[in-house]
Structures are given as C-alpha cells and as structure tokens.
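Just below is one structure, and these are the notes that go with it.
The values are calculated or read from the model by the stated rules, or taken from the named source; none is laboratory data. If you're wondering where the values come from, they're calculated on a predicted model, not measured in any experiment. Cβ placement follows ideal geometry from the backbone for every residue including glycine, while neighbour counts extend to all protein chains displayed.
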Amino acid sequence: MLIAAGVLLLFAVAATLFSRTTGIGRTEVAPVAVAFEVSLRFVDDAAGAVHVIRAADGAEIARFEPGTSGFGRGVVRGLVRDHRRAGLSADATFQLVRWADGRMSLGDPATGERIELDVFGPTNAAVFAAILKSAQSGRQSAP
C-alpha cells in the first residue's frame, strides 16, 4: 500500500513538471484588453481594519473592518505575504483590473503574481467589484 502511494505521488510530481516544462495539459487565460485598472495599496491599522488606498492620490476608497469581508482580507493578505516573502518593500502597490471580457484580477506587478477573482464566485468577486466601482467614482465603498 505504501509503495502504491509513493508511486502515485511520484507520478503526480512528474506530470506536473512535464506540464510546466512543455505547456502540454495546461490551460491559460487568453490575453484580453484592460477595460479599467487601478493601482492600490493595502494598509493595516492597529484596530485590525485593512484600508484600501488608491495609489494615485492616496484616497481611501474602501475598508475591510475586522470580522468582515473574509475573502477580501484573505486575498490581500496572501498577496502581501508573497510580496514580503520575495524580499520586496512593505509599501507594495497592487493592480486591480477589470478586463474587457468582464473578468477581474488582482495582481502584484513586482512579483508577477495574479489572482483571478471571478473563479471564487460572484459573491466573493463582488467585494472587489465594489472597490473598482468606488475607484472609478472617487467615493468610498464598504465591501
């Protein structure tokens, strides 16, 4: 039984390496034009809130209060953690993008990491849709 599990694990690793190396078996999102893009910074405060700041003018356009917006907080914390793990500045600027086909993504230009937000369902994507809307209108939203 243990040998079978080891063989299965080795096969999975080999298949993953083969796919990454050759591109066979991978699916990728085709490039699409940007419909709207905003540069954001995410700032934690002492009370546990995460402030969403538009990088261009320093305006706060949204806030994740403690105990709310678990999806938004989780996505942001994951990107910030990866940014810091790469040894980059704590003052990270992230790109929130609505693509011409309606999809949304949040990415870190410094690391190349990008999260496709729509794959997590419409309720979770709505958190970032509200941020995009407030970035376009210039008003603060409550995701």
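Observations on the structure shown:
- From P109, P31, P66, residue being exposed (fewer than 14 other Cβ atoms within 10 Å of the Cβ) and closer than 19 Å to A130 by Cβ: P66
- Meets criteria (of a type in the set (S, T, Y), in a loop (DSSP other than H, G, I, E, B) and within 18 Å of V43 (Cβ to Cβ)) for T68: yes
- Of everything in region 1-24 that is of a type outside the set (A, V, I, L, M) and over 29 Å from G74 (Cα atoms), the residue that is modelled with the lowest pLDDT is G23.
- Just one residue in the set A55, A100, A30 is of a type in the set (A, V, I, L, M, F, W, C) and either in contact with a Gly (Cβ under 8 Å, 6 or more places away or on another chain) or modelled with pLDDT under 85 (or both); that residue is A30.
- Region 119-143 - residue that is over 19 Å from E65 (Cβ atoms) and not small (G, A, S) and, of those, modelled with the lowest pLDDT: Q136
- Taken together, T111, T123 contain a single residue that is of a type in the set (S, T, Y) and in a loop (DSSP other than H, G, I, E, B), which is T111.
- Residue within region 75-86 that is touching a residue at least 40 places away in the same chain (Cβ under 8 Å) and within 25 Å of N124 (Cα to Cα) present: yes
- Considering (1) exposed (fewer than 13 other Cβ atoms within 10 Å of the Cβ); (2) within 16 Å of the chain's Cα centre (by Cα), the lone condition that G48 does not fulfil carries the number (2).
- Evaluation of R81 against the conditions (1) surrounded by fewer than 14 Cβ atoms within 10 Å (Cβ to Cβ); (2) touching a helix residue (DSSP H, G or I) at 6+ places or on another chain (Cβ under 6 Å) shows that the sole unmet condition is (2).
- For I53, the criteria (1) without any contact (Cβ under 8 Å) to a residue 40 or more places away in the chain; (2) buried (at least 18 other Cβ atoms within 10 Å of the Cβ); (3) under 15 Å from the mean Cα position of the chain (by Cα) hold in every case but one, which is (3).
- Residue list for region 87-105, restricted to those being without any contact (Cβ under 8 Å) to a residue 40 or more places away in the chain and either within 21 Å of E60 (Cα to Cα) or outside any loop (DSSP other than H, G, I, E, B) (or both): S89, A90, M104, S105
- Residue pairs meeting the criteria (Cβ under 8 Å; at least 6 apart or on separate chains; first under 24 Å from W99 (Cβ atoms), in region 20-32; second of a type in the set (D, E) and not in a loop (DSSP other than H, G, I, E, B)): V29/E116
- Residue in region 37-47 that is on the phi > 0 side of the Ramachandran plot and out of contact with any strand residue (DSSP E or B) (no Cβ under 9 Å at 6 or more places or on another chain) present: no
- When region 61-78 is filtered for residues that are aliphatic (A, V, I, L, M) and modelled with pLDDT under 85, nothing remains.
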